[in-house]
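Worksheet: the structure to be examined is printed underneath.
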Amino acid sequence: MSPVKARAMTRHEKQQQTRSSLVRAAAKLFSERGLEGASIDEIAEAAGYTKGAFYANFGSKEELFLVMMDEKFSSELERIDRALAGTDEPRDEAREAAAEFMHLASDEDWPRLYFQFAAHAARNEEFREEFATRQRAMRERIVQVYRRWSKDFPAQPPLPIEDIAAMTFFMADGFLVDKLLDPGLRDELYPTMLAVFFRGLEAMAVGWEASEEDIRQALD
């Protein structure tokens with residue numbers, strides 16, 4: 001009996017394989033050497049392709065990173081969306097969503113890549129606009145998730161959902177910076193911070209204000 005021949009890849013499948021290989025090679029080199037320190041020739045060689053293959057898929061190193069960023073944001077948003085399904089207590093789900101975010105922080109390369117390109121965006125106006133567009137799109141998607149998540153709450157959020165989403169985004173960025181500088185920071189600090197934040201919003205929504213006794217007990 002003759003062996004079954006493997007199905008030949010389609011042109012689209014080959015292109016996707018090439019793009020994925022280039023993205024993986026670039027992520028490793030950017031993480032090790034930075035944007036300026038890794039050339040297109042080196043990225044193509046590390047991926048096992050030619051410089052022409054790179055330009056057939058990406059117009060520049062910046063464009064490749066933006067594709068990388070789109071894929072990463074999409075993946076993390078799916079995790080957050082699942083965590084905020086609305087089936088458990090809101091504060092528990094908020095903590096779970098934050099724990100899912102820590103999957104992003106646990107990636108050895110991504111936080112370093114993200115802030116390298118953020119620094120590059122500060123020096124390159126065209127790239128800054130593209131970078132900011134994706135940041136805004138991510139926040140808008142988070143707004144949609146939060147709006148769906150909070151629709152059955154007993155009280156309306158005390159702040160616009162857009163502002164709440166932006167604040168959680170800013171807290172995430174801040175934690176990633178400190179985690180990058182001090183890897184010894186405990187991962188559970190971010191979920192705890194977010195849980196405290198949402199509990200405070202909950203208290204504001206129902207009109208609760210701390211008494212002097214509450215404040216004294218919190219300080220003791």
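All of the numbers you see were taken from the coordinates with simple rules; none came from a lab. The model shown is predicted, which means the values in this text are computed figures rather than measured ones.
Here are a few things to note about the model shown:
- If the Kirkwood radius is taken over C-alpha pairs of region 138-189, then at 4 °C and 1.567 mPa s the Stokes-Einstein diffusion coefficient equals 103 µm²/s.
- The fraction of Cα-Cα pairs per 5 angstrom bin, counted from 0 for region 162-204, comes to 5, 22, 27, 24, 13, 7, 2 percent, rounded to whole percents.
- Shape summary of region 22-76, radius of gyration then Dmax from alpha carbon positions: 10.7, 32 Å.
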